Amino acid sequence: MNAVLVPRGDSSAISEYKRLLKQVLDLRPSGTRQRLATALGKNRSFVSQIANPAYPMPIPAQHIDPLFEICHFSEVEKRAFLGFYRRAHPGRMRLVSSKPAMRRLTIEVPDLGDMEKNSAIDALFESMARNLARLTDETSSKR
């Protein structure tokens, strides 16, 4: 099911993209906010702030791709979000679109027979991959 966006004429572009993010998150399964927080290397309250239209704090451009991936935005939702984001932050999307292409790597790890332990291992590898990508981005931007 896709979120239905009802634009409000009196809202800023920041609150519009945050409203859309909140609608998308509200339709996703329990645990999505925590997975997003983990993917961003932040705590859950950060996700609450970036998804709250009442908070004027913008969403950092580097968080957009993980946000789309974790929250499973539809193409319609992505286009709407990006339109609001571009209107709110002209020129900032160049930071996202200029990053190097990523590739997916599949690895096999032991099943520990415990969902919590398996989730911890998954989070460890996901965090390691994000940190590696971040280091790569920092290295290429210093050239």
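The values are calculated or read from the model by the stated rules, or taken from the named source; none is laboratory data. Since this is a predicted model, take the numbers as computed values, not measurements. A quick note on method: Cβ atoms are made from the backbone with ideal geometry, for glycine too, and the neighbour counts reach across all protein chains shown.
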- Message: Kindly evaluate TYR85 against the criterion of being in a loop (DSSP other than H, G, I, E, B) and modelled with pLDDT under 95.
- Response: no
- Looking only at the range 32-87, which residues are among the small types (Gly, Ala, Ser) and either under 16 Å from LYS22 (Cβ atoms) or surrounded by 15 or more Cβ atoms within 10 Å (Cβ to Cβ) (or both)? ALA37, ALA39, SER45, SER48, ALA51, ALA54, ALA61, SER74, ALA80
- For the range 33-73, how many residues meet the condition of being free of Cβ contacts under 8 Å to residues at least 24 places away in the same chain and part of a loop (DSSP other than H, G, I, E, B)? 4
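Per-residue answers, yes or no, for (1) at pLDDT below 90; (2) among the hydrophobic types (A, V, I, L, M, F, W, C); (3) not in a helix (DSSP H, G or I):
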| site | (1), (2), (3) |
| --- | --- |
| LEU20 | no, yes, no |
| VAL24 | no, yes, no |
| ARG94 | yes, no, no |
| ILE107 | yes, yes, yes |
| ASP111 | no, no, yes |
| ASN118 | no, no, no |
| MET128 | yes, yes, no |
- Residues in the range 130-143 that are assigned to a helix (DSSP H, G or I) and modelled with pLDDT under 70 total 5
